[in-house]
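Worksheet: the structure to be examined is printed underneath.
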Amino acid sequence: MRGRRAVYGAAVVLLLALCVYSNHPAALALLVTVILLPVWSGCLLLPCRNKVSVLVEAKPMNLQENEADPGKSGVSLTVKVSNASHLPVYRAGIRLTVTNTLTGETTDTQLSTFVGNRKTQILSVICRSEFCGTYRAAVESIDLYDVLGVTRLRAGGAGSCEFLLLPDFFPIRIIVEQNVAEPAAWEYAQDAAGGDRAEVFSLREYRQGDPAAAIHWKASSKLDRLIIKEGSKPIERRILLIWDPVVSGHEEKLTPEELHALAGVYVSVAQSLADQGTDPEAAWYDGSEGQWESSVLKNTESLLAVLPRILDSSEGREAAVTGTQRWQEKRHILKVGVGYDETLAELLPDAEIAQLMLLRGGDAPGKEGRQDGGREKVYGFHVDDKEQVLWELYV
């Protein structure tokens, strides 16, 4: 923009000097045209400033698009610039910002295009990264320029979208130690019947072979036909899987490489537990809500549904200790975080605890590998050896 104005100013000065030197009508006409053209074309942009909008969409890249850099994941961003006015836009300048909300990394891309009246121009941007996370692509500004690029008007209608780049999954064998069933450890499925008649799932008419003990006598007498109580299916919500990428006692944050590795451990553990049918409960700190959130993971689909929220740390983070009050009833706590957390065993005396610790350069030696302290198990790993250390876990 500054360069165009400098060139434009130099051209006006040269034309003015030419008019003074030659005193020719053609030179004067050219000078007037050069001066009035930006003003005239800039005035034509006024009706367009509220009629221009930009929509951003993300879709996975195909194999051909990713051949240039197969070591990185990526998406193809489609930027749709629409002009609903009756006048053309000579040049629309668009500033597109892509932010990894997990690592905080941001990249800016400048786009430029001509948009005809009542037309839509489609632009494509390839976004690649070697780090996972929830990415937010947002149009920060839309600038409309005259024919010569001297006059600029700011337009509204900026759009945004979010997309997820997955961490690296790796196989983990997890052995879940069984508890003796305790009343406080059991809940009941809301979508399936079972054999526990202590909790009624539904009522239905009698079918041949139903046990007499299942007859609901009061309802049968009112309806004048036999009604059966279907029992509920007990499920044990025992495993809480905590995502805690906070460096305790420090203001520093993890590097993108460390966050990528930690996220890979978390999703690999969650996937393994979900595949076993244990229905683990994922827990993470939601900065936008200012509280810890959780969701039961029944399968891969449910994991992918909440993963964008888990890997979105743009609104801040809090250590896992802040959520201990709501975890008192849990029987198994599995925390994926940074360094050893001494507070969990103290605040959750009735829980079996397993800590998967990302070790950093300043961590004291001796915490690598596996340590089993009775009801508390510790697995320390570095960025480069996580698959060798965590191939088998006991929780």
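The values are calculated or read from the model by the stated rules, or taken from the named source; none is laboratory data. Keep in mind that what you see is a predicted model, and the values were worked out from it rather than measured. As a convention, Cβ positions derive from the backbone with ideal geometry for all residues, glycine included, and neighbour counts pool all protein chains shown. The area values use the complete protein model at the heavy-atom level, side chains included, leaving out ligands, DNA and RNA. Shrake-Rupley method; radii C 1.70, N 1.55, O 1.52, S 1.80 Å.
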Practice item. Take region 314-327 and flag every residue that is open to solvent by less than 40 Å² (accessible area, probe 1.4 Å) and either in a helix (DSSP H, G or I) or out of contact with any Gly (no Cβ under 7 Å at 6 or more places or on another chain) (or both). Key: A319, A320, G323, T324, W327
Practice item. For region 141-159, indicate whether the set of residues that are in contact (Cβ under 8 Å) with a residue 60 or more places away in the chain, of a type outside the set (S, T, Y) and within 23 Å of L304 (Cα to Cα) is non-empty. Key: no
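Table: residues versus (1) of a type in the set (F, W, Y); (2) modelled with pLDDT of 90 or more; (3) in a helix (DSSP H, G or I); (4) buried (at least 18 other Cβ atoms within 10 Å of the Cβ).
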position	(1), (2), (3), (4)
R4	no, no, yes, no
T33	no, no, yes, no
W40	yes, no, yes, no
D69	no, no, no, no
Practice item. Go through the residues of region 165-173 one by one and say whether even a single one is surrounded by 14 or more Cβ atoms within 10 Å (Cβ to Cβ), at pLDDT 85 or above and in contact with an Asp or Glu (Cβ under 8 Å, 6 or more places away or on another chain). Key: yes
Point to revise | Residue, most open to solvent (accessible area, probe 1.4 Å), within region 71-83, restricted to residues that are at pLDDT below 90 and touching a helix residue (DSSP H, G or I) at 6+ places or on another chain (Cβ under 9 Å) | key: K72
Review point. Picking from R331, R238, R326, which residue would you name as being farther than 16 Å from C132 by Cβ and touching a Pro at 6+ places or on another chain (Cβ under 9 Å)?
Key: R238
Review point. If you go through region 139-150, how many residues are under 16 Å from L87 (Cα atoms) and not aliphatic (A, V, I, L, M)?
Key: 3
Check your understanding: In region 87-106, what count of residues is obtained for those that are over 30 Å from L44 (Cα atoms) and in a loop (DSSP other than H, G, I, E, B)?
Key -> 5
Check your understanding: In region 341-374, what residues are assigned to a loop (DSSP other than H, G, I, E, B) and either surrounded by 14 or more Cβ atoms within 10 Å (Cβ to Cβ) or at pLDDT 75 or above (or both)?
Key -> D341, E342, L348, P349, D350, A351, L359, R360, D363, K367, E368
Check your understanding: Considering only residues of region 114-142 that are under 22 Å from G74 (Cβ atoms) and among the hydroxyl-bearing types (S, T, Y), which is surrounded by the fewest Cβ atoms within 10 Å (Cβ to Cβ)?
Key -> S124
Study note, to complete from the structure: Of the residues in region 285-313 that are crowded, with 21+ Cβ neighbours inside 10 Å and in contact with a Pro (Cβ under 9 Å, 6 or more places away or on another chain), the one that is nearest to L241 (Cα to Cα) is L297
Practice item. Would you tally the residues in region 175-203 being at pLDDT 60 or above, of a type outside the set (G, A, S) and out of contact with any Asp or Glu (no Cβ under 6 Å at 6 or more places or on another chain)? Key: 9
